[in-house]
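*Asks:* Before I ask anything, let me first share the structure, which is written out below as structure tokens.
The values are calculated or read from the model by the stated rules, or taken from the named source; none is laboratory data. For clarity, every value in this text was computed on a predicted model and none was experimentally measured. Cβ sites come from the backbone with ideal geometry, for glycine too, and all protein chains shown count toward neighbours. What goes into the accessible areas is simple: the full protein's heavy atoms, side chains included, and nothing from ligands, DNA or RNA. Shrake-Rupley method; radii C 1.70, N 1.55, O 1.52, S 1.80 Å.
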Amino acid sequence: MSVFRTKSIEQSIADTDEPEYQLKKSLTALDLTVFGVGVVIGAGIFTLTGRVAHEMTGPGIVISFVVAAVCCALAAMCYAEFASTVPVSGSAYTFSYASLGEVFAWIIGWDLILEMFLGASVVAQGWSAYLGVLLGKFGIALPEFLAYGASPFSETKGFDLMAILLIIALGVLITVGIKESLRVNMVLVGVKLFIVLFVIVAGLMFVNPANYTPFIPDSVPSAASEGFSWTQPLIQWLTGAAPAAFGWSGVFAGAALVFFAYIGFDVVATTAEETRNPQRDLPIGIIASLIICTVLYCAVALVVVGMVNYADIDPSAALANAFAHHGQGWMATLISAGAVAGLTTVVLTLMIGATRIIFAMSRDNLLPVGLARVHPKYRTPWRISIVVTMACLIFAGLTPIGMLEEMVNIGTLSAFILVSLAVVVLRRKRPDLPRAFKVPFSPVLPILSALICFYLTLNLSLETWVRFLVWMALGFLIYAAYGYRNARLATGKALPHDIQQAMAEGVVRPDDQR
């Protein structure tokens, strides 16, 4: 009985060869790249770009994207080494259970629940913003207390009705069961890529070079600079620096926020068991999708801040409103429609991911195994689906804009830190394992990855850190009270028959943590 007990890597790999748990190997490097781009491009680029440029960085947001991309690239190499060494679905949760031990697997699983819950909620809010712009083009306007930005905790008292309705609709879908096809996924990825490329190409016609000066605006005291403020970055509180916006401190603080735009590339690692040649194709899919998204993000950021001076950018639906600013209503309508279509699939993917994380932890009995009970008709983990739907509904409909992104980021950065360190640990514990892809200059780069991720967390606000610590404390209480004693590694108990049957039928993947 130890919090550092691990699942055997050999056993994890052997489990994938059991006929009732075996998944069809059909994915190629191209499929994985398309999948990665489809998941990554979401609300981060459609909504976060304008708000961060307007409030924190100015045109320097391009540098923020590059800094965040470097952080993700280092973490991506760590994911690629793990995925090619342990080609089992499950991403960070599986990797940490095999290397660092159960308590760290719990921490990462708990972090990923936070990422998926809040990630789906943030994207739903972005979806609501673009739907509002689209409806406005047809003369339909929701009351302010039901529109994007309304919250019991904001100036506009109310709730985001459209985000709530989207979550409910998708919650019903994931409960009754969904058969996703690669063809549909590629079409929807194509829609989002078309919109992003359209913004880049069409926006060049309206770029004013004067808007790039100054590229990094001078640092100015933030609105919260008088006395102590919970909204100041942790690093400013630790160093005693006055809260400020813009300047280089704003660029790095912006990097900690736009990091949200890259979240999702790690989901490629969950397809390990369905990849024809995981040792070769997984690293290609992970790194290629990240490179493509980085180039697109920097190009979009350059165009948007070139079209509209950063001080005049509309933080809500920034891409569409940049064209509306130049009187191009039809372009704004096209962008809004494409964003609504594309963001729907991102919310759906994240909600499915949340159900799979909880299912995996329930399967290991780190959470009550009863949560993983499947519906007798639909053969889905319906109890978990209801929990996920209710949580996302509350967060998306009632939380003020801007609060959730930082919580998603700190949860994901924490997972990246542990994965980076786990690479070093597994190299020392199991040097005998064949590794088709190795992080170069190990252990230097994995440790550098962990340090950069940690530095970005220091640029998040004090209130974000407090909320995160409360979330983690709650997680440790649950693990101490239930998971530690009831984990299957401790008890050896078999799964209930209905859950085994659902896994055998392929309704839920044996090791699909995402």
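*Asks:* May I ask you to list the residues in region 418-440 that are touching a residue at least 40 places away in the same chain (Cβ under 8 Å) and either among the β-branched types (Val, Ile, Thr) or assigned to a loop (DSSP other than H, G, I, E, B) (or both)? If you could, list the steps in order and put the result at the bottom.
*Replies:* Taking region 418-440 as the starting set, the residues that turn out to be touching a residue at least 40 places away in the same chain (Cβ under 8 Å) are 418-423, 425-426, 429-430, 433-440.
Answer for region 418-440, where residues must be touching a residue at least 40 places away in the same chain (Cβ under 8 Å) and either among the β-branched types (Val, Ile, Thr) or assigned to a loop (DSSP other than H, G, I, E, B) (or both): VAL419, VAL423, VAL425, ARG430, LEU433, PRO434, ARG435, ALA436, PHE437, LYS438, VAL439, PRO440.
*Asks:* Another question, then. Output the residues belonging to region 337-346 that are open to solvent by 20 Å² or more (accessible area, probe 1.4 Å) and not hydrophobic (A, V, I, L, M, F, W, C).
*Replies:* The answer is THR344, THR345.
*Asks:* Here is a further query. Any chance you could count how many residues in region 347-373 are hydrophobic (A, V, I, L, M, F, W, C) and open to solvent by less than 10 Å² (accessible area, probe 1.4 Å)?
*Replies:* Qualifying residue count for the region: 9.
*Asks:* Further question on the same structure: Take TYR482 and tell me if it is of a type in the set (Ser, Thr, Tyr), modelled with pLDDT of 90 or more and more than 20 Å from VAL67 (Cβ to Cβ).
*Replies:* On the way: of a type in the set (Ser, Thr, Tyr): yes; modelled with pLDDT of 90 or more: yes; more than 20 Å from VAL67 (Cβ to Cβ): yes.
In short, yes.
*Asks:* To continue, here is another question. Being modelled with pLDDT under 85 and in contact with a helix residue (DSSP H, G or I) (Cβ under 9 Å, 6 or more places away or on another chain) is the requirement here; does VAL37 meet it?
*Replies:* On the way: modelled with pLDDT under 85: yes; in contact with a helix residue (DSSP H, G or I) (Cβ under 9 Å, 6 or more places away or on another chain): yes.
When the stated conditions are applied, VAL37 passes them.
*Asks:* Hey, another quick one. Look through VAL466, VAL470, VAL388 and report the one residue that is part of a helix (DSSP H, G or I), without any contact (Cβ under 8 Å) to a residue 24 or more places away in the chain and closer than 27 Å to GLY126 by Cβ. Spell out the reasoning first.
*Replies:* Working: VAL466 fails: without any contact (Cβ under 8 Å) to a residue 24 or more places away in the chain; VAL388 fails: without any contact (Cβ under 8 Å) to a residue 24 or more places away in the chain.
The conditions single out VAL470.
*Asks:* Restricting to region 160-176, give me the number of residues that are closer than 25 Å to GLU144 by Cα and surrounded by fewer than 19 Cβ atoms within 10 Å (Cβ to Cβ).
*Replies:* 4
*Asks:* Pick out, from region 35-133, the helices (runs of 4 or more DSSP H) lying fully within it that include 3 or more residues that are open to solvent by 10 Å² or more (accessible area, probe 1.4 Å). Step through it out loud before you land on a result.
*Replies:* On the way: elements: 49-52, 61-85, 91-99.
Counting at least 3 such residues, we get 61-85.
*Asks:* From the set of residues in region 383-402 that are of a type in the set (Gly, Ala, Ser) and within 18 Å of LEU161 (Cα to Cα), which is farthest from the chain's Cα centre (by Cα)? Spell out how you get there, then give the answer.
*Replies:* Of all residues in region 383-402, those of a type in the set (Gly, Ala, Ser) come to 385, 391, 396-397, 402.
Pick out the ones that are also within 18 Å of LEU161 (Cα to Cα) and you get 391, 396-397, 402.
Values: ALA391: 16, ALA396: 15, GLY397: 19, GLY402: 15 Å.
Here the residue is GLY397.
*Asks:* Anything in region 308-330 that is open to solvent by 10 Å² or more (accessible area, probe 1.4 Å), in a helix (DSSP H, G or I) and not acidic (Asp, Glu)? List them, or say none.
*Replies:* TYR310, ALA311, ASN321, ALA324, HIS325, GLY329, TRP330 - these are the residues of region 308-330 that are open to solvent by 10 Å² or more (accessible area, probe 1.4 Å), in a helix (DSSP H, G or I) and not acidic (Asp, Glu).
*Asks:* Among the residues in region 179-190, are any over 30 Å from GLY329 (Cβ atoms), at pLDDT 85 or above and either in a helix (DSSP H, G or I) or not hydroxyl-bearing (Ser, Thr, Tyr) (or both)?
*Replies:* No, that holds for no residue.
*Asks:* Hey, another quick one. Would you pick out the residues in region 374-409 that are closer than 25 Å to GLN232 by Cβ, β-branched (Val, Ile, Thr) and open to solvent by less than 30 Å² (accessible area, probe 1.4 Å)? Give the steps one after another, and end with the answer.
*Replies:* Within region 374-409, the subset closer than 25 Å to GLN232 by Cβ is 395, 398-409.
Checking the rest, the ones that are also β-branched (Val, Ile, Thr) come to 399, 401, 408.
Passing the criteria: THR399, VAL408.
*Asks:* Can you find, within region 261-282, the residue that is surrounded by the most Cβ atoms within 10 Å (Cβ to Cβ) among those that are modelled with pLDDT of 80 or more and within 17 Å of the chain's Cα centre (by Cα)? First the steps, then the outcome.
*Replies:* Applying the first criterion (modelled with pLDDT of 80 or more) to region 261-282 yields 261-262, 281.
Filter once more, keeping what is within 17 Å of the chain's Cα centre (by Cα): 261-262.
On the way: ALA261: 29, TYR262: 27.
Selected residue: ALA261.
*Asks:* To continue, here is another question. Give the residue, chosen from VAL303, VAL295, VAL346, that is without any contact (Cβ under 8 Å) to a residue 12 or more places away in the chain and of a type outside the set (Phe, Trp, Tyr). Full working, then the answer.
*Replies:* Numbers: VAL303 fails: without any contact (Cβ under 8 Å) to a residue 12 or more places away in the chain; VAL346 fails: without any contact (Cβ under 8 Å) to a residue 12 or more places away in the chain.
None of the other options fit; the residue is VAL295.
*Asks:* Something else about it: Do you know which of the residues in region 410-453 that are touching a Pro at 6+ places or on another chain (Cβ under 8 Å) and of a type outside the set (A, V, I, L, M) is most open to solvent (accessible area, probe 1.4 Å)?
*Replies:* Let us first name the residues in region 410-453 that are touching a Pro at 6+ places or on another chain (Cβ under 8 Å), namely 420-421, 423-424, 427, 436-437, 439.
If we keep only those that are of a type outside the set (A, V, I, L, M) as well, we get 420, 427, 437.
Values: SER420: 0, ARG427: 61, PHE437: 44 Å².
My answer is ARG427.
*Asks:* Consider region 391-417. How many of its residues are assigned to a helix (DSSP H, G or I) and under 17 Å from LEU460 (Cα atoms)?
*Replies:* Step one: of region 391-417, the residues assigned to a helix (DSSP H, G or I) are 391-398, 403-417.
Subset that is under 17 Å from LEU460 (Cα atoms): 403-417.
Qualifying residue count, region 391-417: 15.
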